[in-house]
């Protein structure tokens with residue numbers, strides 16, 4: 001008699017995750033077979049990261065359940081996932097550079113008795129696993145001497161050595177060269193041959209079609225389709241599944257844009273950026289749209305002088321310099337992606353945060369003027385509609401949307417004429433988003449120039465007069481916004497399918 005069919009290695013049944021005002025994952029169900037590369041696809045915000053966090057025990061689902069090898073699986077933490085054979089490789093590497101490869105491979109798996117390490121076959125087992133996956137890596141080498149790709153292979157080997165039969169890889173090629181990508185693909189192929197299941201998350205469609213056996217597509221937190229890759233009829237079909245709707249945006253052509261180049265960037269290049277050139281005009285809102293690892297944040301930080309880059313940056317015809325201090329002095333301000341850690345002094349009050357980028361405005365002959373500080377904070381509380389009963393409230397106690405308004409107030413108080421907004425509405429509710437959009441439009445109408453760096457397509461299409469499309473550190477196309485924008489073309493470009501001519 002033939003053996004009964006084996007159950008899927010992982011099954012998701014009616015999984016949902018609710019947050020206040022939003023359902024990040026909505027009644028998702030699908031199964032993953034063993035020994036395959038199963039790709040997880042979807043736009044930014046589709047629910048991929050939340051789903052993975054529930055699978056790995058980092059988040060508890062609101063409803064639904066999981067099964068591993070046909071048995072109930074309810075992880076309370078990430079250790080439960082590892083104990084059930086599920087390991088995750090994140091974009092940020094989790095290796096210790098100061099240790100050797102062998103020490104990294106055994107880290108956390110050492111055997112002890114009464115708190116004392118005891119001899120086992122662990123070192124021999126992990127060395128054998130590493131040799132099977134990538135024999136060129138010396139177990140005695142210090143990890144700091146390895147390339148990024150080799151460090152990833154060390155993590156993969158550690159996961160395989162621990163007995164993991166499901167390895168989740170989240171954007172594993174984001175920081176790799178082409179040669180390193182090929183090497184990683186070869187390693188994934190060997191894992192598949194050894195019966196290990198790989199859940200592969202990437203925005204690069206060519207990788208999906210090269211590696212994948214099956215694909216699951218999520219959209220707006222919902223499960224759209226799970227099927228073999230052979231059932232997907234090329235890039236256009238997959239993009240159609242990912243978007244599946246017309247992207248709603250309420251962009252209205254704006255008056256007041258002056259045909260005068262305020263910012264001119266030529267040949268901006270660094271470890272990620274590749275010869276990026278563009279201009280921004282006075283009174284214009286320009287968007288930079290791309291997926292994970294495309295280079296949005298890197299462009300914003302390089303223009304602001306927070307990161308070094310080759311090439312030239314000129315503002316109002318003059319070189320900007322290469323430090324944030326010089327950028328602020330020139331009239332450029334950055335609203336960073338991470339507002340709590342990079343944009344605010346959260347233990348300080350609203351009043352204390354507002355003037356920090358231009359303390360001279362609250363000083364007279366070198367003496368601090370508290371009355372001017374209070375007047376400025378009250379002015380911005382009213383202008384930006386910061387929801388608080390007092391400017392003496394500590395910023396850490398504000399909602400995300402109101403924290404973002406305080407960051408904007410800081411930048412406006414610096415008298416910036418060019419605002420670089422990196423993910424300006426991340427983590428804020430719908431109402432606060434609408435208010436922030438109105439603020440941005442009002443600033444542009446008043447003659448300020450705005451650059452919006454966003455991973456939300458609806459956001460850039462709703463706000464921006466022009467949109468630059470980014471892929472893998474390159475500015476690959478530029479579109480002028482309007483009612484006839486081709487969303488499928490945009491998705492095709494930012495997933496690496498077509499290069500335009502950047503102007």
Checked segment 11-25 for anything touching a strand residue (DSSP E or B) at 6+ places or on another chain (Cβ under 6 Å) and either under 23 Å from residue 293 (Cα atoms) or surrounded by fewer than 21 Cβ atoms within 10 Å (Cβ to Cβ) (or both); matches are 11, 13, 14, 16, 24
Any residue in segment 377-394 that is buried (at least 18 other Cβ atoms within 10 Å of the Cβ), outside any loop (DSSP other than H, G, I, E, B) and at pLDDT 85 or above?
yes
So is residue 118 at pLDDT below 80 and either surrounded by 20 or more Cβ atoms within 10 Å (Cβ to Cβ) or under 30 Å from residue 272 (Cα atoms) (or both) or not?
no
Go through segment 28-57 and give me each residue that's outside any strand (DSSP E or B) and more than 18 Å from the chain's Cα centre (by Cα).
33, 34, 35, 36, 54, 55, 56, 57
Among the residues that make up segment 410-433, is at least one of them more than 19 Å from residue 327 (Cβ to Cβ) and more than 22 Å from the chain's Cα centre (by Cα)?
yes
Considering only segment 173-226, how many residues are assigned to a helix (DSSP H, G or I), over 29 Å from residue 128 (Cα atoms) and touching a strand residue (DSSP E or B) at 6+ places or on another chain (Cβ under 7 Å)?
1
Given the structure, is residue 131 farther than 21 Å from residue 292 by Cβ and either surrounded by 18 or more Cβ atoms within 10 Å (Cβ to Cβ) or out of contact with any helix residue (DSSP H, G or I) (no Cβ under 6 Å at 6 or more places or on another chain) (or both)?
yes
Looking at segment 57-100, which of its residues are touching a residue at least 24 places away in the same chain (Cβ under 8 Å) and under 21 Å from residue 173 (Cα atoms)?
86, 87, 88, 89, 90, 91, 93, 94, 95, 96, 97
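Does residue 310 satisfy being crowded, with 16+ Cβ neighbours inside 10 Å and on the phi < 0 side of the Ramachandran plot?
On the way: crowded, with 16+ Cβ neighbours inside 10 Å: no; on the phi < 0 side of the Ramachandran plot: yes.
No: the conditions fail for residue 310.
Looking at 316, 326, which one is out of contact with any strand residue (DSSP E or B) (no Cβ under 7 Å at 6 or more places or on another chain) and farther than 22 Å from residue 388 by Cα?
Checking each option against the conditions leaves just 326.
Checking the structure you have, find out if any residue of segment 292-305 is within 18 Å of the chain's Cα centre (by Cα), closer than 28 Å to residue 239 by Cα and assigned to a strand (DSSP E or B).
No, because not a single residue in segment 292-305 is within 18 Å of the chain's Cα centre (by Cα), closer than 28 Å to residue 239 by Cα and assigned to a strand (DSSP E or B).
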One residue is enough: does segment 67-76 have a residue meeting the conditions modelled with pLDDT of 90 or more, in contact with a helix residue (DSSP H, G or I) (Cβ under 7 Å, 6 or more places away or on another chain) and under 24 Å from residue 161 (Cβ atoms)?
yes
Can you find a residue in segment 67-87 that is within 18 Å of residue 218 (Cα to Cα) and surrounded by 16 or more Cβ atoms within 10 Å (Cβ to Cβ)?
no
The residue from 204, 274, 222 that alone is in the same structural domain as residue 188 (by TED's automatic domain parsing) and surrounded by fewer than 18 Cβ atoms within 10 Å (Cβ to Cβ) is 222
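The values are calculated or read from the model by the stated rules, or taken from the named source; none is laboratory data. Remember, it's a predicted structure, so these values are computed and weren't measured experimentally. Counting neighbours? That spans all protein chains shown, and the Cβs are built from the backbone with ideal geometry, glycine included.
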